[in-house]
Amino acid sequence: MFISIDHLTKDFRGRPAALNDLTVDLPQGMIGLIGPNGAGKTTLMRILTGIIKPTKGKVFIDGQDLSSPANRRNLKRHLGYLPQHILPYDNLTPLEFLDYI
């Protein structure tokens, strides 16, 4: 799976941007994210898994633009994500959350 991130930004109201104009290509294979608390690691993972949408920028996984709902649904069929703390996501309905889990 090849991931291309282009000018990705995620703002949260009243708080500093979690991600600010991130552009990077991640080759196929295992990638580690290391950084201090608040660096945007979890936010990036949630964007890459289609759980939240970026404020600006684009994410392409194997050439598929994640801004498309159909592409996000297709990605979720092939990708697993186990967060450190499993909490309900505000943007998912209870049924969507159960389906996600």
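Considering only 82, 48, 22, the mean-square fluctuation computed in a Gaussian network model of the chain, springs between alpha carbons under 10 angstrom, is largest for 82.
For the chain, a Gaussian network of Cα nodes joined below 10 Å ranks 90, 62, 21 by mean-square fluctuation, and the top entry is 90. Identify all aspartates and glutamates with a Cα-Cα distance to residue 76 below 15 Å; exclude those on the same chain that are fewer than 8 residues away in sequence. Those aspartates and glutamates meeting the cut-off are 62, 65, 96, 99.
Each peptide among 93-99, 64-70 gets the average number of other Cβ atoms lying within 10 Å of its residues, and from highest to lowest they stand as 64-70, 93-99. A straight Cα-to-Cα reach below 18 Å connects residue 10 with the lysines 41, 53, 56, 58, residues fewer than 8 places away in its own chain not being considered. Each of residue 6 and residue 73 was given a label point 7 Å from its Cα along the Cα-to-Cβ line. The distance between the two points is 2.4 nm. A full extension of the chain between residue 15 and residue 84 corresponds to an added length of 22.6 nm, given 0.36 nm per residue minus the alpha carbon distance. Between residue 37 and residue 23, residue separation times 0.36 nm minus the direct Cα-Cα distance comes to 3.0 nm. Pick from 34, 51, 61 the residue whose mean-square fluctuation is largest in a GNM of the chain, springs joining Cα atoms under 10 Å. Sorting by GNM fluctuation, first place goes to 34.
Every number here is computed from the coordinates shown, using simple stated rules; none is lab data. Because the structure is a prediction, the values reported are computed rather than measured. Every residue, glycine as well, gets a Cβ built from its backbone with ideal geometry; the counts of neighbours run over all protein chains shown.
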